[in-house]
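The values are calculated or read from the model by the stated rules, or taken from the named source; none is laboratory data. Just so it is clear, the structure is predicted and the values come from calculations on it, not from any experiment. Because the Cβ atoms are built from the backbone with ideal geometry, glycine has one as well, and the counts that use them run over all protein chains shown.
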Amino acid sequence: MSSALRFYGLIPETVYTHQCMTIKHARNFQTPIGFFDYNHISREAFSIGIRRIEETKDCAFLIASPEKALCDLIANSPKLNLRFMKEVEIFLMEDIRFDIERLYQFNTDILEQYISVGKKSESITTLLKYLRR
């Protein structure tokens, strides 16, 4: 979610909580390297848009693509319901200060896949309409 969006430079704020998705139970962990917040996601939605990043030959990790990270953030934000284009614009520009220019480079196939199996499909559909306008 926000952690991946920051990793890709799509939002300007520092993220202090590492937001993660899991097919297991939601949990939180405080570790020496930071606070981790795991949110439950369906098995079908989990694998959409996952990337493997190799930092070194001995260090690799899985991370959501930018498209998947934004979908996960929308789907897991309580009380967020994007019904209109203006609501999408406000969420992106004011709430999370998203780099809008890079939004137009998104792979819409990932959003379409997420719509078919993920939570808040109506909100993601509105995001997709905003992207395509």
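Residues in the stretch 59-91 that are without any contact (Cβ under 8 Å) to a residue 24 or more places away in the chain, out of contact with any strand residue (DSSP E or B) (no Cβ under 7 Å at 6 or more places or on another chain) and more than 12 Å from S2 (Cβ to Cβ): C59, P78, K79, K86, I90, F91.
Would you call Q113 out of contact with any Lys or Arg (no Cβ under 6 Å at 6 or more places or on another chain), farther than 20 Å from S2 by Cβ and surrounded by 15 or more Cβ atoms within 10 Å (Cβ to Cβ)? Criteria met by Q113.
With L127, L131 as the choices, which residue is of a type outside the set (S, T, Y), surrounded by fewer than 19 Cβ atoms within 10 Å (Cβ to Cβ) and in contact (Cβ under 8 Å) with a residue 12 or more places away in the chain?
Numbers: L127 fails: surrounded by fewer than 19 Cβ atoms within 10 Å (Cβ to Cβ).
Only one candidate qualifies: L131.
Residues in the stretch 57-76: is at least one at pLDDT 95 or above, of a type in the set (D, E) and farther than 19 Å from Q19 by Cβ? Checking the stretch 57-76: not a single residue is at pLDDT 95 or above, of a type in the set (D, E) and farther than 19 Å from Q19 by Cβ. Every listed requirement among (1) closer than 21 Å to L103 by Cβ; (2) exposed (fewer than 12 other Cβ atoms within 10 Å of the Cβ); (3) without any contact (Cβ under 8 Å) to a residue 12 or more places away in the chain is met by T31 save one, (1). May I ask you to say which residue of A4, A26 is of a type in the set (G, A, S) and crowded, with 18+ Cβ neighbours inside 10 Å? That would be A4, the only listed residue that is of a type in the set (G, A, S) and crowded, with 18+ Cβ neighbours inside 10 Å. Of all residues in the stretch 88-133, those that are of a type in the set (F, W, Y) and more than 21 Å from I50 (Cα to Cα) total 2.
The residues in the stretch 104-119 that are closer than 19 Å to L80 by Cβ, at pLDDT 95 or above and not in a helix (DSSP H, G or I) can be counted, and the count is 1. With respect to K86, is the statement that it is within 23 Å of Y38 (Cβ to Cβ), at pLDDT 95 or above and either among the charged types (D, E, K, R) or surrounded by fewer than 21 Cβ atoms within 10 Å (Cβ to Cβ) (or both) true? Against the criterion (within 23 Å of Y38 (Cβ to Cβ), at pLDDT 95 or above and either among the charged types (D, E, K, R) or surrounded by fewer than 21 Cβ atoms within 10 Å (Cβ to Cβ) (or both)), K86 does not qualify. Taking first residues from the stretch 5-19 that are closer than 20 Å to P32 by Cα and without any contact (Cβ under 8 Å) to a residue 60 or more places away in the chain and partners that are hydroxyl-bearing (S, T, Y) and surrounded by 15 or more Cβ atoms within 10 Å (Cβ to Cβ), the Cβ contacts under 7 Å between residues at least 6 apart in sequence or on separate chains come to V15/S2; V15/S3; H18/S3; Q19/S2; Q19/S3.
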